[in-house]
Amino acid sequence: MFESEQVEVLIVEADEAFRRNIAERLRIEGAVVVEAGNESEARDIAQNRDIDVLLLGGKGIVQSGLPLLRFIKEIFPSIEVILMTPSEHHSLYVSIEAMKMGAFDDLLIPFDIKTLLDRIHAARQHKKEKEEEM
C-alpha cells in the first residue's frame, strides 16, 4: 500500500507483542517503521528521524500519551498523531483533549488493519498538504 509513497511511522506502545505485530504488518505494506516502548524513546526517535505518522497507544495514554502528544505537536507540528486506545480504557475526555492538541485521529483497539492503513495514508496525505502550505 505504501510502495508509491515512502511513509515513516513511529509506533509508541508499551505492549511489546502488540507493537511488534503492528510494526510487522506495516512493514509488509511497505512502511518504514520505528518502534518505541516509552515516551523517552519516542522523543529521542522523533528528534532524529523524519517521522510522518506517530501511532500512540496503550492503557497509559492519559499519563504519558497526552504529554508526548503535546511535545510532538509543539516541536514537530507536521507529524500526524493517531491514538490507538484500548476500548476498555477509552475516555471521551482524553479523545477530545488529544484532538484539541492536534491529534489526527483516535482508533479504538481492536481495529481492522485496513482501517489503520487507511488512517495512516490519510494522515500522510494531510502532512504533505501542510508541508506544501509552509
*What length, rounded to one decimal in nm, is gained on full extension from GLU129 through to GLN6, with 0.36 nm per residue of separation minus their alpha-carbon distance?*
42.8 nm
*Determine, for SER95, SER87, the number of other Cβ atoms within 10 Å of each Cβ, and report the residues in order from fewest to most.*
SER87, SER95
_Interchain or long-range residues, amide H under 5 Å from ASP106's placed H_ = LEU83
*State the Cα centre-to-centre distance between region 91-134 and region 23-43 in whole Å.*
16 Å
*Hey, with R₀ at 35 Å, roughly what FRET efficiency would ASN48 and ASP118 work out to, going by the Cβ-Cβ distance, to 0.05?*
0.80
_Point-charge dipole on Cβ atoms (K/R +1, D/E -1) for region 9-134, about Cα centre, debye to 20_ = 20 debye
*Footprinting exposure proxy for GLU39, GLU74, GLU80 (fewest neighbouring C-beta atoms within 10 Å first)*: GLU74, GLU39, GLU80
*Using a simple spin-label model with points 7 Å from Cα along the Cα→Cβ vector, what separation in nm is obtained for VAL32 and ILE75?*
1.9 nm
*Taking the chain as a Gaussian network, where each spring joins two C-alpha atoms under 10 Å apart, which residue of ILE22, ILE96, ILE11 fluctuates the most?*
ILE96
*By how many nm would the segment from MET99 to PHE18 grow when fully extended, if each residue of separation counts as 0.36 nm and the alpha-carbon distance is taken off?*
26.8 nm
*Springs between alpha-carbon atoms under 10 Å, Gaussian network over the chain: tell me which of VAL32, VAL53, VAL81 tops the mean-square fluctuations.*
VAL32
*In whole Å and largest first, what semi-axes does the C-alpha gyration tensor of the chain yield when each eigenvalue is scaled by 5 and square-rooted?*
20, 18, 15
*Taking region 79-134, how much of its Cα-Cα pair set, in percent, is spaced more than 12 angstrom apart?*
67 percent
_Which of THR85, THR115 has the fewest Cβ neighbours within 10 Å, and the rest in rising order_ = THR115, THR85
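Values quoted throughout were computed directly from the atomic coordinates according to the rules given, and no laboratory measurement underlies them. Only a predicted model underlies this, so the values are computations on that prediction, with no experimental measurement involved. Glycine gets a Cβ as well: all are built from the backbone with ideal geometry, and neighbour counts include every protein chain shown.
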